[in-house]
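Notes to accompany the following structure.
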Amino acid sequence: MKITDLKKRLGEFQLDIGSMEIEPGLVHGLIGSNGCGKTTLSKLIMGILTPDGGTIDYEGLTARDITMTSQKPYLLHDTVYNNLVYPLKIRNMPFEEAEVDAWLERCGLADKKRQYARSLSSGEQQKLSFVRALIFKPKLVIVDETLSNLDPDSADLFERLIVEQQKERPVTWITISHQLVHIQKICDRVHFMEKGKRVASGTAEEILLRPTHPAIRAYLASTEVSFRAKEDNERGGDRT
Ligand SMILES: Nc1ncnc2c1ncn2[C@@H]1O[C@H](COP(=O)(O)OP(=O)(O)O)[C@@H](O)[C@H]1O
Ligand SMILES: [Mg+2]
């Protein structure tokens with residue numbers, strides 16, 4: 001997917017992405033301070049917002065190939081099972097119950113199949129919305145801060161599901177998270193945004209471990225104390 005001169009104004013905020021390439025089949029991380037425009041860009045890609053100008057070349061992807069999970073999952077007033085099959089039904093995709101059960105098993109919700117989805121814990125609801133996003137075999141998945149409020153076990157599960165998915169049938173991911181440890185582990189490419197602009201793109205190592213751009217350095221210094229600590233740890237604490 002190629003983004004060119006994409007512009008969107010929301011109140012005082014101006015998004016202006018001169019160019020951005022989302023190479024298919026890779027896990028992309030989208031990072032930057034709160035309010036820099038990550039969600040706005042995602043909504044433009046999803047077609048939820050209409051751009052003021054510019055183009056998104058989807059390179060053959062259609063709306064039914066693309067999905068997004070958000071921090072506050074929107075679940076139907078129905079059972080876990082019915083929530084999960086909903087994306088299949090609206091796309092008229094045939095499915096076997098066993099296939100759905102396998103997904104529930106994978107995310108540890110097998111025993112909650114008949115439970116009312118909105119009575120799940122918030123972590124379970126996020127797992128459900130994540131798996132619901134994958135079940136119809138999308139080609140582009142945008143994960144907007146879904147990892148943010150998860151307990152470490154669930155965050156690890158997401159990581160595993162993404163890695164498994166990439167082995168089985170690679171899809172394109174755009175993962176938005178301030179959890180830079182996860183971004184570093186799972187992302188092939190990282191894009192850094194500041195004040196509505198894409199400032200830099202590169203490998204996770206280039207952007208997170210050897211950032212040259214001052215804005216990235218400032219972001220890394222301000223956001224993720226634990227990321228820095230972990231990085232130091234892995235290098236044998238040579239900074240102390
Ligand atoms: N509907 C809106 N009207 C006015 N301003 C908005 C609207 N939606 C978002 N914004 C502003 O646009 C900026 C970017 O928001 P957002 O894309 O959600 O940032 P991020 O996801 O990176 O935290 C923020 O300053 C936000 O307040
Ligand atoms: Mg956001």
Those residues of segment 59-97 which are in a loop (DSSP other than H, G, I, E, B) and either over 17 Å from residue 137 (Cα atoms) or within 16 Å of ligand 1 (Cβ to nearest atom) (or both), in sequence order: 59, 70, 71, 72, 73, 74, 75, 76, 77, 78
Within segment 98-114, tally of residues that are closer than 14 Å to residue 158 by Cα and assigned to a loop (DSSP other than H, G, I, E, B): 3
Filtered residues of segment 180-200 (kept if in contact with a His (Cβ under 8 Å, 6 or more places away or on another chain) and more than 16 Å from ligand 1 (Cβ to nearest atom)): 187, 188, 189
Number of the condition not met by residue 173 [criteria: (1) of a type outside the set (D, E, K, R); (2) part of a helix (DSSP H, G or I); (3) under 10 Å from the mean Cα position of the chain (by Cα)]: (2)
Where a residue in segment 117-146 is closer than 23 Å to residue 98 by Cβ and in a helix (DSSP H, G or I) and its partner, wherever it lies, is open to solvent by 10 Å² or more (accessible area, probe 1.4 Å) and among the basic types (Lys, Arg), with Cβ under 8 Å and at least six apart: 124/112; 131/106
Residue within segment 18-38 that is open to solvent by 60 Å² or more (accessible area, probe 1.4 Å), in a helix (DSSP H, G or I), more than 16 Å from ligand 2 (Cβ to nearest atom) and within 30 Å of residue 127 (Cβ to Cβ) present: no
Residue, most open to solvent (accessible area, probe 1.4 Å), within segment 1-13, restricted to residues that are more than 16 Å from ligand 2 (Cβ to nearest atom) and touching a residue at least 24 places away in the same chain (Cβ under 8 Å): 9
In segment 54-77, residue modelled with the highest pLDDT [restricted to those that are of a type in the set (S, T, N, Q) and in contact with a strand residue (DSSP E or B) (Cβ under 8 Å, 6 or more places away or on another chain)]: 55
Where residue 185 falls short, out of the listed (1) more than 16 Å from ligand 2 (Cβ to nearest atom); (2) buried (at least 20 other Cβ atoms within 10 Å of the Cβ); (3) in a helix (DSSP H, G or I): (2)
Only one of 89, 72, 43 that is open to solvent by 60 Å² or more (accessible area, probe 1.4 Å), within 28 Å of residue 150 (Cβ to Cβ) and more than 21 Å from the chain's Cα centre (by Cα): 89
Selection within segment 145-179 - within 15 Å of ligand 1 (Cβ to nearest atom) and at pLDDT 90 or above: 174, 175, 176, 177
Hits in segment 21-45 - residues which are within 15 Å of ligand 1 (Cβ to nearest atom) and over 20 Å from residue 219 (Cα atoms): 42, 43, 44, 45
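Here is a list: 134, 109, 157. Which entry is open to solvent by 10 Å² or more (accessible area, probe 1.4 Å) and more than 16 Å from ligand 2 (Cβ to nearest atom)?
On the way: 134 fails: open to solvent by 10 Å² or more (accessible area, probe 1.4 Å); 109 fails: open to solvent by 10 Å² or more (accessible area, probe 1.4 Å).
Being open to solvent by 10 Å² or more (accessible area, probe 1.4 Å) and more than 16 Å from ligand 2 (Cβ to nearest atom) holds for just one of 134, 109, 157, which is 157.
The values are calculated or read from the model by the stated rules, or taken from the named source; none is laboratory data. Bear in mind that the values here come from a model prediction, so they are computed numbers and not experimental data. Note that each Cβ is placed from the backbone with ideal geometry, even for glycine, and that neighbours are counted across all protein chains shown. Heads up: the accessible areas ignore ligands, DNA and RNA and are worked out on the full protein's heavy atoms, side chains in. Shrake-Rupley method; radii C 1.70, N 1.55, O 1.52, S 1.80 Å.
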